[in-house]
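Every number here is computed from the coordinates shown, using simple stated rules; none is lab data. If you're wondering where the values come from, they're calculated on a predicted model, not measured in any experiment. All Cβ positions, even for glycine, are placed from backbone atoms using ideal geometry, and neighbour counts span all protein chains on display.
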Amino acid sequence: MRCVRPITGLIFFSLVLAGCANQAPRRDLTPPATAGPPPLEKTERESAPELPEQARLPLSQALTAMRDGRDEAAEPLLRVLADEFPGFVSPRLNLGILLLRGNQAEAAEKALRQVLQIDAENSVAQHQLAILLRRQGRFRDALTVYRKLLEGKPDHALAHRNLGILYDLYLDKPRQALAHYKQFAALSADGKQETKMWILELKRRIGSGEKLAAETR
């Protein structure tokens, strides 16, 4: 199994990781931003205004369609709601998530950034945007978004995990990656065993690098 899935148009000539072929694969964990039990994150913060009554039924129908994998049915509902209720987060946020998972990156980024204009600290929009930027190879931009997210919400477990992946596989900063994997392991029981494997791998890499540096002095 390959350690890094290629991103179209980019050549990762600088990504040389010791023992890469034997590493446990990393992948983004994307929280279900659509409503549904039990949600890992809410689509809107508690302070965000609730949608008007007439918008709730079509939103519910759109979210049900998304959960059922019927994005083609959800998309027109969300677009209408986003246009008719431009000051509300949920329709546009879920539209951005739908577009992202449909690989419509440009439209997804536009929708997510519009959400952040309404609610600059919306952690779901920040997380989705960071994942989008990382997948496009815009690593520094993704890093900026992750840092801002964690400044406002330091206990965001999935952000620690995915930022660790960014540092680990794309920025070649194993020490920073290790710190965020440890944070994720401390904050979440989900995937903890897998993350422990990554932590052990990074400790070996860091130790091997320090040993090599000492031998070449």
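Filter the trypsin sites (Lys or Arg not before Pro) in region 49-113 to those in DSSP coil with at most 15 other Cβ atoms within 10 Å of their Cβ, and list the result.
Details: sites: ARG56, ARG67, ARG70, ARG79, ARG92, ARG101, LYS110, ARG113; in loops: ARG70.
Sites meeting the loop and neighbour criteria: ARG70.
Give me the Debye-computed log₁₀ of I(q)/I(0) at q = 0.12, 0.16, 0.20 Å⁻¹ for region 139-217, equal point scatterers on Cα only, no solvent, two decimals.
One equal scatterer on each Cα of region 139-217 leads to -0.36, -0.59, -0.84.
Could you calculate the FRET efficiency of GLN193 with ASP71 from 1/(1 + (r/R0)^6), where r is the beta carbon distance between them and R0 is 35 Å, rounded to 0.05? Intermediate values should be presented prior to the final figure.
Working: r = 32 Å, r/R0 = 0.92.
Between GLN193 and ASP71 the formula returns 0.65.
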